[in-house]
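Here is the structure we will look at.
The values are calculated or read from the model by the stated rules, or taken from the named source; none is laboratory data. All figures in this text were calculated on a predicted structure; none of them were measured in a lab. Note: ideal-geometry Cβ built from the backbone for every residue, glycine included; neighbour counts use all protein chains shown. Side chains included, ligands, DNA and RNA excluded: accessible areas come from the protein's heavy atoms. Shrake-Rupley method; radii C 1.70, N 1.55, O 1.52, S 1.80 Å.
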Amino acid sequence: MEIIIQPTPAEATTIAARFLAGIIAAKPEAVLGLATGSTPEALYRELVSLKLDWSKITTFNLDEYVGISPQHPQSYHSFMWENLFRHVNVHIKNVNIPDGLANNIPASCESYERKIGSAGGIDVQLLGIGTSGHIGFNEPTSSLASRTRIKTLTPQTLQDNARFFGSESAVPHHVITMGIGTILESRHCLLLAFGKKKARAIAEAVEGPITAMNPASALQMHPKVTVVLDAEAASELKMQEYYRWVYEQKPDWQKI
Ligand code: GLP
């Protein structure tokens, strides 16, 4: 894992934006795995401001709530169109987000997996992390080999996401999420985490044992993971000075 620690979320976001802009420039038909949540909002703003060519880009989102329509203001469909897609020249036919209203959820999840395969796999998967260590909506005890499927949210996640829905009782209990196995098949994973609230989950994911109790720890098995943190999210890492030192020593060509 490559750990990049920046003083502020703004500086960390700029590093991630530059990296993704570089991917889009180098591979105009790249397949990007995208994430929602408050963490990537500034990243999407920065990508929009760079006026990149998204005309051949394909996207796959990590997850979606079950039972709310794409038009619901808190659906991840709405989030993505609001924060990114409507501001860039991506083709709607190349945008993929799990269908939270599917009649046959298992069949719809299998078809999502097949679509990722026929697109050639995901080049870069953007990830946030939940305070429980979840990636996508793979809550603790998710199988580390899991594929796209329905999951039930933990009380912790319902509480964390209540801020988007106005109250905890309004947060859907079920979601569809790419599995940890699906995420691990992406060629490069880029995880962003900001703020003190994420410090424990990050320390466990990066320096703890690989365990289904912290699903993000499965990323330790992936050959190419970049974790971009602000100082607060990095604050519980035992080796933080080492990660800073390693990053400072890198020649420019080796940096993301
Ligand atoms: C959400 C999403 C995740 C996201 C995480 C953190 O519930 N399903 O993909 O990474 O929780 O969200 P935030 O960035 O708002 O802290």
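Brief remarks follow.
- The chain, relative contact order [Cα under 8 Å, separation at least 6], %: 25
- Selection of GluC sites (Glu not before Pro), segment 43-140, meeting DSSP coil and at most 15 other Cβ within 10 Å: none
- Cβ-placed point charges (K, R +1; D, E -1), dipole of segment 2-254 about Cα centre in debye, nearest 20: 340
- Extension gain for GLU207-LEU144 works out to 21.0 nm (0.36 nm per residue, less the C-alpha to C-alpha distance).
- Too-long pairs where the Cα-Cα distance tops 20 Å, listed order kept, from LYS56/LYS115; LYS151/LYS198; LYS51/LYS250: LYS151/LYS198; LYS51/LYS250
- Environment charge at GLY121 (Cβ cut-off 10 Å; Lys +1, Arg +1, Asp -1, Glu -1): -1
- For the chain, DSSP calls about 30 percent of its internal beta bridges antiparallel.
- Solvent-accessible area per residue in segment 2-254 equals 44 Å², computed with a 1.4 angstrom probe and all protein chains kept.
- Tensor-based shape of segment 5-64 (alpha-carbon gyration tensor, a/c under 1.5 rounded, otherwise prolate or oblate): oblate
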